[in-house]
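Read the structure below first, then the notes.
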Amino acid sequence: MDVTLLGPCNSDELRCATSLCRRFENKVGVISGGTRGIGLAIAQRLAEEGANVIISSRKPENVELAMSYLRSIPNVKHDQIHGIPCHVGTTSDRLKLIREADLKFGRLDVLILNAGVNPAVGDINKVTASQWDKMYCINVKAGFELCRAAVPLMEKTGGAVIFTSSLAAYRVPGAFNAYGITKSALSMLTTVLSQELASKNIRVNGIVPGTIEGAGMSRMLWDTNHKWHKLVKDAADGSKGLAGRFGKPSEIAASVAYLCSDDASFVTGENHLVMGGVDARI
């Protein structure tokens with residue numbers, strides 16, 4: 001099976017002592033942007049720990065490919081894995097994604113808001129209105145609306161919501177300034193929602209990855225002819241932190257699994273940095 005679209009997501013990296021605890025047995029997780037890279041690694045980690053997962057992506061073929069990959073993993077049952085095409089910028093698709101969890105399982109314990117876009121648009125003053133609208137729609141509004149749609153289902157059992165932010169929320173190469181602003185907005189959204197949903201036994205946290213192998217900037221990083229190659233490479237080389245390397249999707253998935261589990265029952269309203277020691281705090 002061709003899994004080249006999925007990004008680096010080595011099963012062996014995820015099969016650690018913690019994953020054998022099966023912290024998500026009989027629980028249900030929905031992952032937007034769950035068919036490659038970080039999103040796929042999160043889906044894999046949750047499934048290996050016993051969760052029923054519903055992954056989504058805009059392209060049906062990516063959903064099918066990712067489902068086949070996840071179902072091929074040892075100790076993951078075929079009927080644990082479900083998927084649905086979803087354009088998170090479309091209201092009807094967002095509602096359909098949450099409804100899928102209700103129809104199939106009647107509950108929703110974990111909501112991972114991972115879908116996003118990170119176009120390089122150059123100087124902030126050159127960003128067009130349509131580019132602003134698209135980035136805010138996908139990176140900020142869509143996650144909020146998915147969360148809002150999920151609350152009536154999640155409050156039945158309580159649960160955990162995770163927003164995927166980025167190192168770009170704290171420090172960002174110039175071509176990605178607009179993207180960084182949208183990711184920074186997620187920090188306050190996480191704080192506000194954690195306060196408003198606490199009474200419903202729903203915890204809300206953000207995960208803030210550093211530069212991750214196979215993530216959004218990889219094409220610009222490795223294509224020496226790309227318009228933004230030098231800028232992205234210089235920024236990436238400066239973001240290896242104390243670890244001296246880029247992160248792996250599985251390492252982000254491990255942190256997300258912790259934040260979604262009962263082990264983190266006292267953790268909410270936090271933006272959890274996983275950056276390999278990069279000094280990124282504002």
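If each residue of separation counts as 0.36 nm, what is the full-extension length gain between R107 and E61 once their alpha-carbon separation is subtracted?
Values: separation 46, 0.36 × 46 = 16.56 nm, distance 2.65 nm.
Stretched out fully, the R107 to E61 stretch lengthens by 13.9 nm.
Evaluate the charge dipole of the range 28-274 about its Cα centre and quote only its size in Debye, nearest 20, assuming +1 on the Cβ of each Lys and Arg and -1 on the Cβ of each Asp and Glu.
Working: 27 positive and 22 negative charges, 97 e Å.
Using Cβ point charges on Lys, Arg, Asp and Glu, the range 28-274 gives about 460 debye.
For the range 28-274, what does the relative contact order come out to in percent, with C-alpha contacts under 8 Å and a separation of six or more? Write out the running numbers ahead of the final one.
Details: 460 pairs, mean separation 48.6, N = 247.
Relative CO of the range 28-274 lands at 20 percent.
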Quiz item: Between H78 and L242, what length in nm is gained on full extension when 0.36 nm per residue of separation is reduced by their alpha carbon distance?
Solution: 55.1 nm
Quiz item: Can you run phi through the Karplus equation (6.51, -1.76, 1.60; θ = phi - 60°) for the range 26-37 and list ³J(HN,Hα) in whole Hz, with x for Gly and Pro?
Solution: 6, 9, 10, x, 10, 10, 7, x, x, 10, 7, x
Practice problem: Please work out whether the range 28-274 counts as rounded, prolate or oblate from its C-alpha gyration tensor, where a ≥ b ≥ c are the square roots of the eigenvalues and a/c under 1.5 means rounded, while otherwise a/b larger than b/c means prolate and anything else oblate? | Solution: prolate
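Return the subset of K77/K104; K27/K183; K104/K183; K59/K183 for which the Cα-Cα distance in this structure is over 20 Å, preserving the input order.
Numbers: K77/K104 16 Å; K27/K183 28 Å; K104/K183 32 Å; K59/K183 23 Å.
Correct reply: K27/K183; K104/K183; K59/K183.
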Quiz prompt | Selection from A264, G206, T182 lying farthest towards where the dipole of the range 28-274 points positive, charges on Cβ | solution = T182
Self-check item: Amide H contacts under 5 Å for G206, placed H, 5+ residues apart
Solution: F163, E270, N271, H272
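Give me the dipole magnitude in Debye, nearest 20, for the range 83-206 about the Cα centre, with unit charges on the beta carbon: positive for Lys and Arg, negative for Asp and Glu.
Details: 14 positive and 9 negative charges, 18 e Å.
The calculated dipole for the range 83-206 is roughly 80 debye.
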Exercise. Sort M154, M188, M67 so that the residue with the fewest other Cβ atoms within 10 Å of its own Cβ comes first and the one with the most comes last.
Key: M188, M67, M154
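The numbers here are math on the coordinates, done by the rules we state, and not lab data. Remember, it's a predicted structure, so these values are computed and weren't measured experimentally. Virtual Cβ from ideal backbone geometry, glycine too; neighbours counted across all protein chains shown.
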